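Each reported figure results from applying straightforward, stated rules to the coordinates on display, with no laboratory input. Not measured: the values here are computed from a predicted model. Neighbour counts are summed over all protein chains in view; Cβ atoms, including those assigned to glycine, are modelled from backbone coordinates with ideal geometry.
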Amino acid sequence: MQLDHGEGSNMKQWMRKRSAFFFAGASLVLGFCLMFLLENPAYSKRQWYAGWIVWVVGIVLIFLPMFVLRSKGGVAKGEGYVQTTVLVDSSIYSVVRHPQYLGWLLMYPAMMLFNPHWLIVGLGLLGMACVYLFTRQEDEHLVEKFGKPYGRYMQTVPRMNLIAGIVQLVRGTQRK
């Protein structure tokens, strides 16, 4: 069976996203395992505390969207929390468009702060690049799913810049 151009490009897009997920996940797991096995070349207490702060913020950002999407996203009973039928632009989603991916991304700098070994830093940078790539792909998917409302949302809420999102929220400069 031969795929037409549309199906082929969808297949390529799916493969790129799966590859990015694989490399991001593998680099995170491998990095955290190596973190305990490799000698820490430049350990400091401040770095260790900063690592914990970044890690805690990341964990909150990973789990908070599960509750927000389930409660505000029009998810049908029995469906996964990402099976939203409504564009959610409130709560954490009024600060950043991809809080869960941002949380995942923050695991890498936390890992690098806990142990700044060159191998862990390399894995962290690879993982961060992969997370960034699939957030861009996710935006494309969500534009297809929600159309112009998501396009307007993209113009008002940063993809993953938590600080810019908080500043916008405090200043009230987000357009609705």
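So for S90, S27, fewest C-beta neighbours within 10 Å to most, what's the order?
S90, S27
Take the Cα gyration tensor of the stretch 23-63, multiply each eigenvalue by 5, square-root it, and list the three semi-axes largest first, rounded to whole angstrom.
19, 18, 6
Using the Cα atoms of the stretch 24-120, I'd like the radius of gyration and the largest Cα-Cα distance, Dmax, both in angstrom.
Considering the stretch 24-120 through its Cα atoms, Rg and Dmax are 16.5, 50 Å.
Please list, short to long, the whole-number percent of alpha-carbon pairs of the chain in consecutive 10 angstrom bins beginning at zero.
Taking all Cα pairs of the chain, the binned fractions are 9, 31, 33, 20, 7, 1 percent.
Can you pull a Stokes-Einstein diffusion coefficient for the stretch 81-176 at 20 °C (1.002 mPa s), Rh from Kirkwood over Cα pairs, as a whole number of µm²/s?
D, rounded to a whole number, is 148 µm²/s.
Highest GNM mean-square fluctuation, the chain, Cα pairs closer than 10 Å: which of G165, G147, G122?
G147
Calculate one ³J(HN,Hα) per residue across the stretch 107-113 by plugging θ = phi - 60° into the Karplus curve 6.51 cos²θ - 1.76 cosθ + 1.60, and present them in order as whole Hz with x for glycine and proline.
Values, residue by residue: 5, 5, x, 4, 4, 5, 6 Hz.
About the Cα centre of the chain, what is the dipole size in debye to 20, counting +1 per Lys and Arg Cβ and -1 per Asp and Glu Cβ, all else neutral?
The dipole of the chain has a size of about 540 debye.
Does anyone have the angle between helix 45-72 and the longest principal axis of the chain? Alpha-carbon axes, 0 to 90°, nearest 10?
Result, in degrees: 20.
Around V75, which amide H atoms from residues at least 5 apart in sequence, or from another chain, sit under 5 Å from its own amide H, with H modelled in the peptide plane?
It is T85, by chain and number.
I'd like the GluC sites (Glu not before Pro) in the stretch 69-173 restricted to DSSP loop residues with at most 13 other Cβ atoms within 10 Å, sorted by number.
Hits after loop and neighbour filter: E79.
Taking Cα pairs under 8 Å and at least six residues apart, what relative contact order does the stretch 46-176 come out at, in percent?
Averaging sequence separation for qualifying contacts and normalising by length gives 28 percent for the stretch 46-176.
Scan the stretch 15-92 for trypsin sites (Lys or Arg not before Pro) in coil per DSSP, keeping those whose Cβ has at most 13 other Cβ atoms within 10 Å, and list them by number.
Here the trypsin sites (Lys or Arg not before Pro) that fit, given the DSSP loop and packing criteria, are K77.
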